[in-house]
Amino acid sequence: MSAALLEVDGFTGGFENQPGRIDPVLHGVSFSVPAGSSTAIVGESGSGKSITALSIMGLAPGRFRRTAGSIRYAGQDLTAMTEPELRSIRGREISIVFQDARSSLNPVFTVGTQIADVCRTNRGVTRREARKLTLEMLDLVRVPESRRRMDQYPHEFSGGMAQRAMLAMALISQPKLLILDEPTTGLDVTIQADVLDLIVDIKAETGMTTCLITHDLGVVAETCDRVVVMRGGEVKEIGSCEQIINAPTDPYTQQLVADSRMVENR
Amino acid sequence: MTPTKQAPSAERAPIALDVSSLRKEYRVRGAGRHVTLTAVDDVSFQIRPGETLALVGESGSGKSTIARCVTRLVEPTAGSVHIDGKPIIGISARQLSASYSDLQMVFQDPTSSLDPRMTVAATLDEPLRLHTRLDKEGRRARVAQLLADVELDESYLDRRPRQLSGGQRQRLSIARALAAEPKVILLDEPTASLDVSVRGQIIRLLKRLQVEHGLAYLFISHDLGVVRQMSDRVMVMYLGGIVEQGSTEEVFENPVHPYTKALLSAAPVVEYGREHDRLRLTGEIPSPMKVPAGCRLVGRCPIAEAACALKRPDLMLVTETHAVACPVSAPDAAPVLAVPVP
């Protein structure tokens, strides 16, 4: 197996809901994301998958406290970094795309302006170059009529198009690791399939590493090669996608696969 | 070819929910002037007791508007809705509230459809006071029975919704719907907010209750897996119109309409290394204010012919129970006004 780009090791923490008392939510979470892989973190609500993903980005809510463990990215411990150090990695080396794209966009600026802003911050280009780059990025994520659409506001974008725009924004810095937090949840199935195809294609073109956070094993089966199954703040099973889908060993994973199959379209 | 209307068969079970030529238009301002948006365009269907009809479609298909019209949460522009032979449209608010004892709803998000301040006991007592003549003792016994029906025990009686899990809240919503002993329950995405493990339990519960109480379900969902599990018949909608309808088996195993094919082949499957044989539509679903004049799928359809843009296709029978609105996919089929209810 290739070297791990990201290594989460014994990561433990909880919410400080009352001062001095920490309600644990993550219990020694350990997994690695090999360079070039498409790793999925799968779990139901309350499994800790999202808080784990947010912790990688240093974006966990303010009341979250790490009590043990580390998250190493390319050998550096992200949990030991200062905010400025983290900022040099976040959005540059590691990008994230969230579930509800339209609420991630600012409603009072055009989509193009928002993408161009990221170009100028992350690539240090001029205004004119940023606009050109924005157009290239929108073409990359297959937004039709990109020249016209870049001057539209988020409310003029459908959910699927808004998610493409967010993807464009996340890709500007040519990140090595792209975290996708339920990127297609809430989209219609035909739109979901288009967005997933796009992610798979871009990954193949750029060779970047992806980490997909999802509750949907169907999405995992169609897009990922490695799977981390989480439940109740613990990692239950790690394996190749083929092994997890075809021969899960952990009882919870077995149940999850069986339940997912029961309600699927076949 | 003239459309043929099927003769009603007298000996069959009565129709629980009969929706006929339902139409809903909205006047909206588009490009500075008023235009008419047709959210539901002449939709008819019938459901028998003990049967589940699923309405499937993506955003903008009109499935939720149908639900709102059937429950008269919005007034339809035209058409009729009958529950067990009694009209729902064109009756007074007082008559309508009496009709709600025959027609109940379970919504997607139990967190917002339950009153956060009402205990489980109070939530279930309210419909009994409205729709039955039971006294206090009788209602208490019935509440206990309703809880047992949805597999919750009496220790939950004094809890409030926030003290219940998502699955338990949805069970409570189902019990509340059952309280009035309805003939028809409208299930609007009842499992969409639930984890997959809980989803299966709720489906099994709904199926058991259907058999025990002879309920007719109008099941609205975008989740094709759940639809396949739950329903006897499926109606696929696109931009306010029916594009295909038939038995669940027929629609899933032998989809005919290009939109149905695209929808079914886009759904992700829990299977490693599946060969992808996806039928793709081009572009995005158009704005409901710019529905194409002919077939609604024109502009996105891979098999469209010139004639498709000119005339809105009728529903045509491909088998006795399977109809599709696509003359290109089913050139030999006969047009019908309504598909016979099996």
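The values are calculated or read from the model by the stated rules, or taken from the named source; none is laboratory data. The structure displayed is predicted, hence computed values, not measured ones. Note: ideal-geometry Cβ built from the backbone for every residue, glycine included; neighbour counts use all protein chains shown. In case anyone asks, the SASA skips ligands and DNA or RNA and just uses the protein heavy atoms, side chains included. Shrake-Rupley method; radii C 1.70, N 1.55, O 1.52, S 1.80 Å.
Among the residues in region B:191-211, are any touching a Leu at 6+ places or on another chain (Cβ under 6 Å) and either within 28 Å of A:His215 (Cα to Cα) or in contact (Cβ under 8 Å) with a residue 60 or more places away in the chain (or both)?
no
When only residues in region B:98-125 that are modelled with pLDDT of 95 or more and in a helix (DSSP H, G or I) count, which is surrounded by the fewest Cβ atoms within 10 Å (Cβ to Cβ)?
B:Ala122
Looking at region B:187-198, can you tell me whether even one residue there is on the phi < 0 side of the Ramachandran plot, in a strand (DSSP E or B) and open to solvent by less than 10 Å² (accessible area, probe 1.4 Å)?
Yes: region B:187-198 contains one or more residues that are on the phi < 0 side of the Ramachandran plot, in a strand (DSSP E or B) and open to solvent by less than 10 Å² (accessible area, probe 1.4 Å).
Looking only at region A:140-164, filter to residues that are part of a helix (DSSP H, G or I) and farther than 19 Å from B:Pro286 by Cα; which one of those is most open to solvent (accessible area, probe 1.4 Å)?
Within region A:140-164, the match that is most open to solvent (accessible area, probe 1.4 Å) is A:Arg147.
Enumerate the pairs (first residue in region B:140-161 and under 10 Å from B:Ala121 (Cβ atoms); second residue anywhere and of a type outside the set (Gly, Ala, Ser) and assigned to a loop (DSSP other than H, G, I, E, B)) with beta-carbon separation below 8 Å, excluding pairs fewer than 6 apart on the same chain, so at least 6 apart or on different chains.
So the pair list comes out as B:Val143/B:Leu157; B:Leu147/B:Asp153; B:Leu147/B:Leu157; B:Tyr156/B:Leu164; B:Leu157/B:Thr119; B:Asp158/B:Thr119; B:Arg159/B:Thr119.
If you go through region B:139-162 one residue at a time, do you hit one that is surrounded by fewer than 23 Cβ atoms within 10 Å (Cβ to Cβ), within 14 Å of chain A (Cβ to nearest Cβ) and in contact with a Pro (Cβ under 9 Å, 6 or more places away or on another chain)?
No: zero hits.
Please find, among A:Ile172, A:Ile179, A:Ile191, the residue that is free of Cβ contacts under 8 Å to residues at least 40 places away in the same chain and either within 13 Å of chain B (Cβ to nearest Cβ) or within 14 Å of A:Ser95 (Cα to Cα) (or both).
A:Ile191
Test each condition in (1) over 29 Å from B:Gly62 (Cα atoms); (2) of a type in the set (S, T, N, Q); (3) within 13 Å of chain B (Cβ to nearest Cβ) for A:Thr210 and report the one that comes out false.
Result: A:Thr210 fails condition (3) only.
Would you pick out the residues in region A:226-243 that are touching a residue at least 60 places away in the same chain (Cβ under 8 Å) and within 11 Å of chain B (Cβ to nearest Cβ)?
Correct list: A:Val227, A:Arg231, A:Cys241.
Given (1) touching a residue at least 24 places away in the same chain (Cβ under 8 Å); (2) open to solvent by 60 Å² or more (accessible area, probe 1.4 Å); (3) not in a loop (DSSP other than H, G, I, E, B), identify the lone condition not met by A:Glu136.
(1)
Looking at A:Leu78, A:Leu86, which is the one that is in contact (Cβ under 8 Å) with a residue 24 or more places away in the chain and on the phi < 0 side of the Ramachandran plot?
None of the others qualify; the one that does is A:Leu86.
Go through (1) at the interface with another protein chain (Cβ under 9 Å from one of its Cβ atoms); (2) open to solvent by less than 50 Å² (accessible area, probe 1.4 Å); (3) out of contact with any Ser or Thr (no Cβ under 8 Å at 6 or more places or on another chain) one by one and return the number of the condition A:Asn246 breaks.
(2)
A:Leu167: within 14 Å of chain B (Cβ to nearest Cβ), in contact with a strand residue (DSSP E or B) (Cβ under 7 Å, 6 or more places away or on another chain), in contact (Cβ under 8 Å) with a residue 24 or more places away in the chain and not in a loop (DSSP other than H, G, I, E, B), yes or no? Outline the logic, then answer.
On the way: within 14 Å of chain B (Cβ to nearest Cβ): no; in contact with a strand residue (DSSP E or B) (Cβ under 7 Å, 6 or more places away or on another chain): yes; in contact (Cβ under 8 Å) with a residue 24 or more places away in the chain: yes; not in a loop (DSSP other than H, G, I, E, B): yes.
It is false that A:Leu167 is within 14 Å of chain B (Cβ to nearest Cβ), in contact with a strand residue (DSSP E or B) (Cβ under 7 Å, 6 or more places away or on another chain), in contact (Cβ under 8 Å) with a residue 24 or more places away in the chain and not in a loop (DSSP other than H, G, I, E, B).
Quick check, is B:Arg199 in contact with an Asp or Glu (Cβ under 8 Å, 6 or more places away or on another chain), of a type outside the set (Asp, Glu), away from every other protein chain (no Cβ under 11 Å) and under 14 Å from B:Gln108 (Cα atoms)? It would help to see each step written out before you state the result.
On the way: in contact with an Asp or Glu (Cβ under 8 Å, 6 or more places away or on another chain): yes; of a type outside the set (Asp, Glu): yes; away from every other protein chain (no Cβ under 11 Å): no; under 14 Å from B:Gln108 (Cα atoms): yes.
Judged against the criteria, B:Arg199 is not a match.
Listed residues A:Thr210, A:Thr190, A:Thr185; which is open to solvent by less than 30 Å² (accessible area, probe 1.4 Å), β-branched (Val, Ile, Thr) and closer than 17 Å to A:Ala53 by Cα?
A:Thr210
Tell me which residues, restricted to region B:253-272, are more than 7 Å from chain A (Cβ to nearest Cβ) and either of a type in the set (Phe, Trp, Tyr) or surrounded by fewer than 22 Cβ atoms within 10 Å (Cβ to Cβ) (or both).
Pass one, region B:253-272, residues more than 7 Å from chain A (Cβ to nearest Cβ): B:253-261, B:265.
Once the filter is applied, which keeps residues that are more than 7 Å from chain A (Cβ to nearest Cβ) and either of a type in the set (Phe, Trp, Tyr) or surrounded by fewer than 22 Cβ atoms within 10 Å (Cβ to Cβ) (or both), region B:253-272 yields B:Glu253, B:Asn254, B:Tyr259, B:Lys261, B:Ser265.
Do we find that A:Ser45 is surrounded by fewer than 23 Cβ atoms within 10 Å (Cβ to Cβ) and outside any strand (DSSP E or B) in this structure?
On the way: surrounded by fewer than 23 Cβ atoms within 10 Å (Cβ to Cβ): yes; outside any strand (DSSP E or B): yes.
Judged against the criteria, A:Ser45 is a match.
Checking the conditions here, which among B:Leu209, B:Leu218 is part of a helix (DSSP H, G or I) and away from chain A (no Cβ under 12 Å)?
Result of the check over B:Leu209, B:Leu218: B:Leu209.
If I ask for residues that are open to solvent by less than 40 Å² (accessible area, probe 1.4 Å) and not in a helix (DSSP H, G or I), which ones from region A:48-60 would you list?
Selection gives A:Gly48, A:Met57, A:Gly58, A:Ala60.
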